[in-house]
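Asks: Take a look at the following structure, please.
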Amino acid sequence: MAIVEFKDVSRVYKNGDHEQRALDHVNLSLEEGKFIVVLGPSGAGKSTLLNLLGGLDSPTTGTILVGGKDISTLTNNELADYRAASVGFVFQSYNLIPTLTVIENVALVKEIAPHPLSSHEMLKAVGLEDHIHNFPSELSGGEQQRVSIARALAKNPQILLCDEPTGALDSETGVMVLKLLLSMARDLGKTIIIVTHNQSIAKMADTIVRVKSGKVVSCEEQAHPLTVEEVEW
Amino acid sequence: MLLKKLFRTLLKYKAQFISMIIMISLGVGVFIGFNMEWYSLEKNTDFIFEQTGFADFRILSEKGFSKGNLESILAIEGVQDATRFLSVNTTVKGDGDVIALTVNENMNVSGLYLVDGEPYDEKSADGIWLSDQYAAKNDVHVGDEMTLTYKMITVTGRVRGLVKASEYLICVPDETQLMPDYSSYGFAYISPAMMKKAIIIDFYTQINVKTDLSKAAFVEAADAALHKTTLVLSKEETLSYAESMGEIEEGKVMGSVLPVLFLAIAILTMVTTMHRITASEKTQIGTLKALGFHDKRIMRHYTCYALIIGLIGSALGIGIGYLLGWYIMNPNGAMGTYIDMPTWNLYVPWFGWVVLVGINVFLTVIGFLSVHKMLEGTAADALRPYTPKRMKHLKIEETKAFKALNFGTKWNLRDCFRHKARSCMTLFGIVGCMVLLVGGLGMVDTMNAFVQSFYEDAINYEMRINLDGESIKNDEAAALAEQYHGDWSAMTSVQLGDKAVGLEIYHVENDRVRFLDEEMNFVALGDEGAYICARIAKEWGVHAGDTLSFSPYGSDEIHTATVAGVTRSMAESIVMTDGYAQALGIDYTINTVYTNETDIAANKHILNVQSKKAIMDSFDSFLELMNVMIFLLVLAAVVLGIVVLYNLGVMSYTERYREMATLKVVGFKDRKIGRLLISQNLWLTVIGILIGLPAGVGVLKYLLDALASEYEMKLVIGPATFLISILLTFGVSLAVGLMVARKNRHIDMVSALKTEE
C-alpha cells in the first residue's frame with residue numbers, strides 16, 4: 001500500500017522577479033514499511049521533497065497524500081499536529097536543544113505526540129542509557145545523532161525522515177548510526193526516507209528515488225538490498 | 001568596501017541599533033534634562049542676584065534707620081555697599097490687591113532689573129516701577145496711573161517701568177503662601193523723592209548690606225556700629241533666596257538619583273547588546289581575518305558601531321535633554337509661576353559634558369573589547385562561530401522539585417542561567433522601571449498626603465485674618481477672635497543659634513488650627529512646654545523633655561523652653577500656647593485670627609483676609625511643579641522599560657531561533673512556543689517586581705531624607721501606586737513579550753535548521 005503519494009507536486013520559490021522551481025510536477029508513490037533513499041546532487045530538490053513530506057513546507061501546486069490524508073492544504077496548526085503525530089525528523093546537524101539534557105530532549109515529544117514511546121526505552125535502544133543526564137554539548141557527534149534518532153522515534157511516527165543523517169559524522173560513526181537507524185525503524189515497522197548524495201547508502205535501500213533539477217528521474221525497487229556490513233564504505 | 005558593510009550591518013541589526021540609540025538618547029536626555037533644570041536655575045538666579053545686587057544681610061528695625069546709621073554700617077570693614085530700604089504692604093486703590101511698595105536709596109544693592117519702560121530714576125516724583133508679572137496679570141501698562149494706600153497714607157503715581165527684583169524673586173506675602181499669585185499680589189518700587197513727597201520724612205526699616213563677612217562677624221560689627229543689639233537676617237533667611245536655593249537643592253537630589261539610575265540601565269543594556277551583536281558577527285569577523293585584514297582594521301571597523309551609536313544617541317540625548325529642561329524650566333510653565341527671573345537660559349552642567357564624553361569613550365572601549373575577544377587566536381579560531389558557554393548542571397537540578405518541572409520550565413530556567421548577562425539585564429531593566437515608577441508615583445503620594453495633612457486637615461478654618469500688629473492691642477485682637485468664634489496666633493522670629501526660626505504662639509479653643517506630630521496625627525498643644533519642628537529637633541538633637549534656648553530677635557533676652565513634643569511643620573518653627581509663652585515671660589503681639597466665618601467686617605486693624613481656598617490653590621500650583629517632573633520620569637520609565645525589554649526579547653528570540661525551529665519541526669504549535677517565550681519574560685518580570693518594590697521604596701526614602709532640610713514629609717505610598725506600578729510594569733513586559741512571541745510565526749524551519757552550527 002502506498003503510504004506517500006505525490007500528485008503533480010511543484011514547489012516554486014519566488015525571489016523578486018526571479019523564480020526558482022525546486023520541484024517540478026513531481027509524481028511519486030512510496031510503499032509503507034520500506035527503506036527509501038532519495039538520491040541526487042545538491043540543488044536537485046531532494047531536501048525540498050523531504051520538507052514537503054515532513055510538513056515543514058507546502059507545495060505551490062499539487063497534492064501530497066500521507067496515509068491517504070491530504071497534507072498539502074493543511075493550516076499551520078494542522079501541520080504542527082501532523083508533524084507531532086506522523087513524522088520523525090533526523091537532521092544532519094542533530095538540532096538538539098542545548099539547554100535540555102539527553103533524556104529531556106527525548107521526553108519533550110511527550111508534550112505533543114499522541115502516542116509517544118518511553119524515552120528511557122528509546123535511549124536504551126540507541127545505547128545511551130548511561131548518558132541520559134548529560135547535555136548535548138557533553139556528547140560526541142555520533143552520540144548526539146543517536147539522541148536525535150531516539151527523539152524522532154519516541155514520537156512513534158509512521159514515517160522517519162532523515163536529511164543526510166551521517167553527513168556530519170566520520171564514516172565509522174556514520175555506519176554505526178545508519179545501522180542503528182535501520183534496525184530500529186525495521187523493528188518498529190516504520191517507513192524510512194533518507195535524503196542523501198551518498199551512493200553507498202542507496203545500495204541498502206528497498207527503493208531508490210533519483211532526483212535531478214526538480215524532477216524525479218527514476219523510482220526503482222531493489223530486489224536485493226545489501227546489509228550495512230555488505231556495503232563498501 | 002568595509003564602509004558599505006558598516007551601513008549594511010547597521011541595517012541588518014536595525015532593531016537592536018535603533019533600540020540602543022533610543023536607550024542612550026533617553027538615558028542621556030533624562031540625565032542632562034533633569035540636571036540641566038537645577039543647574040540652569042542656579043545660573044539664572046545667580047544672574048539676577050548679581051545684576052540687581054541682592055543683599056547679603058538685612059538689618060531690621062521697626063523704629064527705622066537714620067542716614068547716620070547707614071554711614072556707620074558702611075564704615076564697617078568688609079562691607080562693600082549698603083542701602084536704606086523699606087518694604088510695606090499697600091493696597092491698590094480700586095481692587096484691593098496688595099502691592100509690596102518698596103523704597104530703596106541705593107539701587108546698587110537690592111535693585112531692579114528693567115523689563116520694559118524707562119530706567120529707574122531716583123529723582124522721579126511720581127514714577128512707579130511695577131512688577132511686570134503683576135502688570136501682565138492685571139492689565140496694567142507703562143503710563144497707567146496707580147494709587148496705593150498704606151493706612152492713612154495715599155501715594156499716586158504713574159507706572160514708568162516694568163521690572164523684576166531679586167528681593168521679590170519669589171513674590172509671596174508670607175511663608176504660608178507657597179506660590180505667588182500675581183493677580184492679587186505684586187511689588188513696586190518708588191523713588192525716595194516720591195516717598196518724601198508723600199510722607200514728608202525719610203523712613204526706612206531696613207539696611208541691606210553687601211559684604212563677604214560671615215553672619216557672626218557681621219552681627220558683631222553691626223551691633224558695635226549701631227550701639228545696640230540688632231536683628232540681622234542673612235540672605236539664607238530670606239524667602240526668595242532660601243526657596244530658590246531649595247528648589248535647586250531639590251533638583252540636585254532628583255537629578256542625582258533617578259536619572260543616574262536611568263543612565264546606568266541604558267549603558268548596561270547597551271553593553272550587553274553590543275557584545276551580542278559582535279558575537280553573532282563572529283564568523284564575519286573570522287572571514288575578514290582569514291581574508292587577510294589586519295586585526296587593527298577589523299577592530300576599528302567594529303568599534304565604529306559602538307561609536308556611531310554613542311554619538312547619535314548622545315546628540316539626540318542632548319536634544320531630549322534640552323526639551324525636558326525647557327519643559328520643566330520655562331517662563332510659561334509651572335516654574336515660571338513660582339520664580340520670577342528675567343532670564344530662562346538653559347545650560348548643560350559641566351559634568352553633563354564629562355558624562356557625555358565618558359559614555360562615548362566607555363561605549364567605544366566596550367565595542368573594542370568585544371571585537372578583541374572575537375579576534376583572539378588564529379584566523380581559524382576566529383572563523384569558528386561563537387559558541388555560548390557550555391551547559392553545566394545546576395545545583396537545583398538535583399532537587400525533586402526541579403525534576404518534576406515540565407520541559408518548558410526547565411528549558412527557560414536553563415536558558416536564563418546560560419545567558420546570565422541577558423537575564424540580569426532584563427531583570428535590571430524591570431527593576432529600574434519599577435523603581436522609577438514606585439519612586440515617582442510614591443513621591444506624588446507623599447506630597448499629596450503632606451498637603452492633605454498640612455493644609456486640608458490641619459487648616460480647619462475658612463478665613464485667615466491678618467492683623468496689623470503695629471496698631472492693634474492684644475486684648476482687641478483676642479476680642480476680634482472671640483467675635484468670630486475663632487482662634488488666634490502671634491507669629492514672630494526668634495534667634496536659635498545663628499539662625500532665625502519662627503516662634504508661633506497659639507491660643508486654640510475652637511479647634512480652628514491643628515498640629516501634627518511626627519506620625520502625622522493631630523496633637524493638642526499643652527501649656528507644659530514648647531513643640532519644635534522635626535528639622536530643629538534633628539539639627540539640635542533635642543527630644544521631648546530636653547530644653548532649648550532662643551532669644552527674641554534684636555534682644556539679648558534668653559528664653560529656655562522645655563520641649564513638650566516634636567511636630568511636623570511647613571516652616572522651621574517653635575510652637576507653643578499663649579499660656580506657656582506667658583509662663584516663660586515672652587512678649588508677643590497677636591497678628592493672626594483664624595475663623596470659620598466668612599463675613600468679615602472691615603476694620604482698620606485688618607491688613608487683609610485670606611480664604612482657605614486661596615491658600616489651597618497656591619499649593620495646587622506648587623504641586624503641579626513636582627507633578628510635571630514626576631510625569632516625565634514615569635513616561636521615560638515606561639519607554640525605557642519597553643525599549644530595554646524589547647531589545648533583550650529580540651536578542652533572546654534571535655539566540656533561540658534554532659531551538660524554536662527545532663521545536664516547531666518536532667510538532668510544537670506557534671502558540672505553545674510563544675507561551676514558552678513569554679513565560680520566561682514573565683518570571684523575570686515577577687522577580688523584577690519583587691526586587692523593584694522594596695528598592696523603589698528605598699529610593700523614595702533616600703530622596704525624602706535628602707529633601708528633609710526642606711520639607712518635613714513622611715513617606716506615604718498608597719495602594720494605587722503599588723498597583724499601578726506593578727500593572728504598568730507587568731503590562732509593559734507582557735506587551736513586549738507578545739510582540740516578540742508573535743515573531744515565532746515567521747520562523748523558517750527549513751533554512752533555520754539547515755545552517756550548520
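Asks: Of the residues B:Ile586, B:Ile642, B:Ile673, which is within 30 Å of B:Ser19 (Cβ to Cβ), more than 32 Å from the chain's Cα centre (by Cα) and at pLDDT 85 or above?
Replies: B:Ile673
Asks: On the given criteria, is B:Tyr653 surrounded by fewer than 18 Cβ atoms within 10 Å (Cβ to Cβ) and closer than 30 Å to A:Ile149 by Cβ?
Replies: Considered against the rule, which asks whether it is surrounded by fewer than 18 Cβ atoms within 10 Å (Cβ to Cβ) and closer than 30 Å to A:Ile149 by Cβ, B:Tyr653 comes out as yes.
Asks: Scan segment B:580-614 for residues that are outside any loop (DSSP other than H, G, I, E, B), more than 17 Å from B:Ser489 (Cα to Cα) and touching a residue at least 60 places away in the same chain (Cβ under 8 Å) and jot them down.
Replies: Once the filter is applied, which keeps residues that are outside any loop (DSSP other than H, G, I, E, B), more than 17 Å from B:Ser489 (Cα to Cα) and touching a residue at least 60 places away in the same chain (Cβ under 8 Å), segment B:580-614 yields only B:Ala614.
Asks: Do the conditions hold for B:Ala695, that is, is it surrounded by fewer than 16 Cβ atoms within 10 Å (Cβ to Cβ) and under 34 Å from the mean Cα position of the chain (by Cα)? Steps first, please.
Replies: On the way: surrounded by fewer than 16 Cβ atoms within 10 Å (Cβ to Cβ): no; under 34 Å from the mean Cα position of the chain (by Cα): yes.
Judged against the criteria, B:Ala695 is not a match.
Asks: Applying the selection to segment A:199-214, what residues are buried (at least 17 other Cβ atoms within 10 Å of the Cβ) and in contact (Cβ under 8 Å) with a residue 40 or more places away in the chain?
Replies: A:Ile201, A:Ala202, A:Met204, A:Ala205, A:Asp206, A:Thr207, A:Ile208, A:Val209, A:Arg210, A:Val211, A:Gly214 - these are the residues of segment A:199-214 that are buried (at least 17 other Cβ atoms within 10 Å of the Cβ) and in contact (Cβ under 8 Å) with a residue 40 or more places away in the chain.
Asks: Please state which of the following conditions B:Lys43 fails to meet, knowing it meets all the rest: (1) surrounded by fewer than 20 Cβ atoms within 10 Å (Cβ to Cβ); (2) in contact (Cβ under 8 Å) with a residue 24 or more places away in the chain; (3) touching a strand residue (DSSP E or B) at 6+ places or on another chain (Cβ under 9 Å).
Replies: (3)
Asks: Something else: Would you confirm whether or not segment A:165-176 contains a residue that is under 13 Å from A:Gly88 (Cα atoms), modelled with pLDDT of 85 or more and either within 13 Å of chain B (Cβ to nearest Cβ) or in contact with a helix residue (DSSP H, G or I) (Cβ under 9 Å, 6 or more places away or on another chain) (or both)? It would help to see each step written out before you state the result.
Replies: Step one: list which residues in segment A:165-176 are under 13 Å from A:Gly88 (Cα atoms), which gives A:165.
Next cut, modelled with pLDDT of 85 or more only: A:165.
So of that shortlist, the ones also either within 13 Å of chain B (Cβ to nearest Cβ) or in contact with a helix residue (DSSP H, G or I) (Cβ under 9 Å, 6 or more places away or on another chain) (or both) come out as A:165.
Yes: one or more hits.
So that you can scan it fast, the table gives a plain yes or no per residue for (1) touching a residue at least 24 places away in the same chain (Cβ under 8 Å); (2) more than 42 Å from the chain's Cα centre (by Cα); (3) in a helix (DSSP H, G or I):
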| residue | (1), (2), (3) |
| --- | --- |
| B:Ala380 | yes, yes, yes |
| B:Met391 | yes, yes, no |
| B:Phe402 | no, yes, yes |
| B:Arg414 | no, yes, yes |
| B:Ile430 | yes, no, yes |
| B:Gly442 | yes, no, yes |
| B:Asn448 | yes, no, yes |
| B:Tyr455 | yes, no, yes |
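Asks: Another question about this same structure. Give me the pairs, please: first residue somewhere in segment A:167-190 and surrounded by fewer than 13 Cβ atoms within 10 Å (Cβ to Cβ), second residue anywhere and modelled with pLDDT of 85 or more and of a type outside the set (A, V, I, L, M, F, W, C), beta-carbon distance under 6 Å, and either six or more positions apart or on two chains.
Replies: That search, which allows pairs on different chains as well, returns A:Gly189/A:Gly33.
Listed here are the residues, each with its yes/no results for (1) in contact with a Cys (Cβ under 8 Å, 6 or more places away or on another chain); (2) within 14 Å of chain A (Cβ to nearest Cβ).
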| position | (1), (2) |
| --- | --- |
| B:Lys664 | no, yes |
| B:Gly667 | no, yes |
| B:Leu677 | no, yes |
| B:Leu684 | yes, no |
| B:Gly696 | no, no |
| B:Asp705 | no, no |
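Asks: Does B:Gly408 count as assigned to a loop (DSSP other than H, G, I, E, B), surrounded by fewer than 21 Cβ atoms within 10 Å (Cβ to Cβ) and not assigned by TED's automatic domain parsing to the domain that holds B:Leu633? Walk me through it before giving the result.
Replies: Details: assigned to a loop (DSSP other than H, G, I, E, B): no; surrounded by fewer than 21 Cβ atoms within 10 Å (Cβ to Cβ): yes; not assigned by TED's automatic domain parsing to the domain that holds B:Leu633: yes.
Here the answer is no, as B:Gly408 does not meet what is asked.
Asks: Report whether or not A:Pro136 is over 18 Å from the mean Cα position of the chain (by Cα), at the interface with another protein chain (Cβ under 9 Å from one of its Cβ atoms) and at pLDDT 85 or above.
Replies: Yes; evaluated as a whole, the condition is true for this residue.
The values are calculated or read from the model by the stated rules, or taken from the named source; none is laboratory data. Everything quoted here is computed from the prediction, not taken from an experiment. Positions of Cβ are generated from backbone atoms using ideal geometry, with glycine treated the same way; all protein chains shown enter the neighbour counts.
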